[in-house]
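Below: one structure, written as structure tokens.
The values are calculated or read from the model by the stated rules, or taken from the named source; none is laboratory data. Owing to the predicted nature of the structure, the values given are computational and were not obtained by experimental measurement. All Cβ positions, even for glycine, are placed from backbone atoms using ideal geometry, and neighbour counts span all protein chains on display.
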Amino acid sequence: MRESKSNFTQRTKTLKSSEPNKKYFLVCEGEKTELIYFNQLFHECRKKNRLIEMVPIMRSFGESGWSNPKKLVDSLVRILQEEKTGFLSYETILNKMMDFLIDKNMLLSSPLPRNMIFKRLKRAVEENGFLLSGTTNEFEKICCLLVEELGGCSIETTISELKEEIIESKISFEPGFDKMCIVVDRDKNSFTKVQYENVLTVCKEQKYHFYVTNPCFEFWLLLHFEDIDALDLEKLSENPKVSKGISYIEQELKIRLPGYKKNRYNVEKLIPCVCTAIKNEKKFCEDESELEYKVGSNIGLLVEELYDRKI
């Protein structure tokens, strides 16, 4: 897990205030649909309140494709704890290094695919007697090993570059001031009851804020429209497939938001209707514990906070 590079900066201050901006860190189950929405939402919110920033937390290379909320939250907790102590796991170090090489386009010179390079680096660590789950603060030592292995993959970098990246590329979350937001779907097929309760418990322990939509994020998008009362509650709950690859909720959303796709949609049409979405949300469940088994969402509570008003 890592901060989005577009927000990988020091905490900013507004020109008219010495007060630092509060950061809202977003860990989203989906990597596209949710971020499209929240990017536009924060853009609008900052017109009214310049003292907030959105910081997406992205998957590292070795986490690509992850969507299970428990895996995401467990990884986040582990990495924040590692960065706090200064002792990083070898797995974290490898991910930081791969992210750095990809961001700098340094893998283009290698004839090997990224997955193969990652496997070779993991093997080099293990063959030198280190467990991937083990931790270290001897970063120069591990960088020497990795730079040598990268040379065999036709990738040129330096020990100092890697060491600086490993030390400096931290998640800039400040507990007690910033807000860590975990945004997930209540997908019964991939997010079990035990996992749901575990994630909820961990969020409470870590003081993270748990935002869930049952059954899926598209339901929150659907709430932006006035005619929500006409929808079939049983179908909302079960969200069955109504055609090849299309669920009931996605079909209803496409009717109201033509051209909708998970990775591209007209979010500008939705944001002016957030008040409608919040009002509609209150007709359903908003309690994070009950959202495990009831149709609803509590994302509206976050939106109310961002707009700094109750609707």
Out of (1) touching a Phe, Trp or Tyr at 6+ places or on another chain (Cβ under 9 Å); (2) at pLDDT 95 or above; (3) more than 24 Å from Asn39 (Cβ to Cβ), the one Ile299 does not meet is (3)
Those residues of segment 245-282 which are of a type outside the set (S, T, N, Q), surrounded by fewer than 18 Cβ atoms within 10 Å (Cβ to Cβ), in contact with a Leu (Cβ under 8 Å, 6 or more places away or on another chain) and over 22 Å from Glu31 (Cα atoms) amount to Arg256
Apart from one, (1) at pLDDT 95 or above; (2) among the small types (Gly, Ala, Ser); (3) farther than 29 Å from Glu164 by Cα all hold for Gly30; the odd one out is (1)
Test result for Val242, within 17 Å of Glu292 (Cβ to Cβ), surrounded by 11 or more Cβ atoms within 10 Å (Cβ to Cβ) and not acidic (Asp, Glu): no
Next on the checklist: So for segment 182-202 (the condition being assigned by the TED database to the domain that holds Leu253, under 25 Å from Pro272 (Cβ atoms) and in contact with a strand residue (DSSP E or B) (Cβ under 9 Å, 6 or more places away or on another chain)), does at least one residue qualify?
Outcome noted: yes
Flagged in segment 228-251 as within 17 Å of Ser297 (Cα to Cα) and of a type in the set (D, E, K, R), in numbering order, are Asp229, Asp232, Glu234, Lys235, Glu238, Glu250
Exception for Leu26 within (1) in a loop (DSSP other than H, G, I, E, B); (2) surrounded by 18 or more Cβ atoms within 10 Å (Cβ to Cβ) falls at (1)
Checking Glu53, Glu91 in turn, the sole residue that is closer than 30 Å to Arg186 by Cβ, assigned to a helix (DSSP H, G or I) and of a type in the set (Asp, Glu) turns out to be Glu91
- Query: If you go through segment 254-265 one residue at a time, do you hit one that is part of a helix (DSSP H, G or I), touching a strand residue (DSSP E or B) at 6+ places or on another chain (Cβ under 6 Å) and at negative phi?
  - Reply: no
Flagged in segment 213-227 as among the hydrophobic types (A, V, I, L, M, F, W, C) and within 10 Å of Ser297 (Cα to Cα), in numbering order, are Cys216, Phe217, Phe219, Trp220, Leu223
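Does Ser133 qualify as being under 30 Å from Tyr37 (Cβ atoms) and either touching a residue at least 40 places away in the same chain (Cβ under 8 Å) or in contact with a strand residue (DSSP E or B) (Cβ under 9 Å, 6 or more places away or on another chain) (or both)?
no
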Inside segment 220-231, the number of residues satisfying the requirement of being modelled with pLDDT of 95 or more and outside any helix (DSSP H, G or I) is 3
Here the qualifying pairs (Cβ atoms under 8 Å; residues six or more apart or on different chains; first in segment 43-54 and closer than 12 Å to Ile271 by Cβ; second surrounded by 14 or more Cβ atoms within 10 Å (Cβ to Cβ)) come out as Glu44/Ile271; Cys45/Ile52; Cys45/Leu306; Cys45/Tyr307
Flag if Glu148 is charged (D, E, K, R) and either under 30 Å from Phe25 (Cα atoms) or within 23 Å of the chain's Cα centre (by Cα) (or both) = no
Of the residues in segment 291-311 that are in contact with a strand residue (DSSP E or B) (Cβ under 8 Å, 6 or more places away or on another chain) and in a helix (DSSP H, G or I), the one that is surrounded by the most Cβ atoms within 10 Å (Cβ to Cβ) is Ile299
If you go through Lys204, Lys188, the only one that is part of a helix (DSSP H, G or I) and of a type outside the set (A, V, I, L, M) is Lys204
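Here's the yes/no breakdown for (1) farther than 30 Å from Gln206 by Cα; (2) surrounded by 14 or more Cβ atoms within 10 Å (Cβ to Cβ); (3) in contact with an Asp or Glu (Cβ under 6 Å, 6 or more places away or on another chain); (4) in contact (Cβ under 8 Å) with a residue 24 or more places away in the chain:
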site	(1), (2), (3), (4)
Glu91	no, yes, no, yes
Pro113	yes, no, no, no
Glu138	no, no, no, no
Ile166	no, yes, no, yes
